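Chemist: This is the structure I want to talk about, given as structure tokens.
The values are calculated or read from the model by the stated rules, or taken from the named source; none is laboratory data. Keep in mind that what you see is a predicted model, and the values were worked out from it rather than measured. Cβ sites come from the backbone with ideal geometry, for glycine too, and all protein chains shown count toward neighbours.
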Amino acid sequence: MEHSKCEKALLPVRDALDVLNGKWKLQIILALTFGDLRFKEMQRRIAGITAKMLSKELKELEVNQLVKRTVYDTIPVTVEYSLTPYGKTLKKVIVELESWGRKHREKIMGKKK
């Protein structure tokens, strides 16, 4: 019985991690929680991400319906990225991760002193 409960709990966690895997996806989503961004703005906000990696991660987030890409008919063309309503459902998860991360940093850095 417990084995079955464990498997049922692991499957959705595995699915979530498959969608949000890697170093950058949650950072991209977090950046977009503060508002819509153009590509270069996002790249400047997320320290260390290359244009190639940002492009790849944004495409994957679009496929998973977490991010929307909007192209404006301007000269030059303007492209903006935003969270979809579905993507916004991750905000609570990210806030919890941020909170845990702060506590973890304090705990680990406190031990090192």
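Chemist: Given the residues LEU37, LEU97, LEU58, LEU32, which is the only one that is within 19 Å of ASP15 (Cα to Cα) and in contact with a strand residue (DSSP E or B) (Cβ under 8 Å, 6 or more places away or on another chain)? Lay out the reasoning, then the answer.
Modeler: Details: LEU37 fails: within 19 Å of ASP15 (Cα to Cα); LEU97 fails: in contact with a strand residue (DSSP E or B) (Cβ under 8 Å, 6 or more places away or on another chain); LEU32 fails: within 19 Å of ASP15 (Cα to Cα).
Exactly one residue qualifies, and that residue is LEU58.
Chemist: Is it fair to say GLN65 is surrounded by fewer than 13 Cβ atoms within 10 Å (Cβ to Cβ) and in contact with a helix residue (DSSP H, G or I) (Cβ under 7 Å, 6 or more places away or on another chain)?
Modeler: Yes.
Chemist: Within the range 1-11, is even one residue exposed (fewer than 13 other Cβ atoms within 10 Å of the Cβ), within 15 Å of the chain's Cα centre (by Cα) and on the phi < 0 side of the Ramachandran plot?
Modeler: No - not one qualifying residue is present in the range 1-11.
Chemist: Among the listed residues LYS88, LYS59, LYS40, LYS112, identify the single one that is loosely packed, with under 15 Cβ neighbours inside 10 Å and at pLDDT below 95.
Modeler: Values: LYS88 fails: at pLDDT below 95; LYS59 fails: at pLDDT below 95; LYS40 fails: at pLDDT below 95.
Only one candidate passes the filter, namely LYS112.
Chemist: Something else: Tally the residues that are under 16 Å from PHE34 (Cβ atoms), polar (S, T, N, Q) and free of Cβ contacts under 8 Å to residues at least 12 places away in the same chain, restricting the search to the range 60-102.
Modeler: Residues flagged as under 16 Å from PHE34 (Cβ atoms), polar (S, T, N, Q) and free of Cβ contacts under 8 Å to residues at least 12 places away in the same chain within the range 60-102 amount to 0.
Chemist: Here's a follow-up. Going through the range 46-101 one residue at a time, which ones are among the basic types (Lys, Arg) and assigned to a helix (DSSP H, G or I)?
Modeler: Pass one, the range 46-101, residues among the basic types (Lys, Arg): 52, 56, 59, 68-69, 88, 91-92.
LYS52, LYS56, LYS59, LYS88, LYS91, LYS92 - these are the residues of the range 46-101 that are among the basic types (Lys, Arg) and assigned to a helix (DSSP H, G or I).
Chemist: Residues that are touching a helix residue (DSSP H, G or I) at 6+ places or on another chain (Cβ under 8 Å), touching a residue at least 60 places away in the same chain (Cβ under 8 Å) and aliphatic (A, V, I, L, M): does the range 44-57 have at least one?
Modeler: No; the residues of the range 44-57 include none that is touching a helix residue (DSSP H, G or I) at 6+ places or on another chain (Cβ under 8 Å), touching a residue at least 60 places away in the same chain (Cβ under 8 Å) and aliphatic (A, V, I, L, M).
Chemist: Quick check on the range 44-56: of everything there that is within 23 Å of THR84 (Cβ to Cβ) and among the small types (Gly, Ala, Ser), which residue is surrounded by the fewest Cβ atoms within 10 Å (Cβ to Cβ)?
Modeler: This residue is ALA51.
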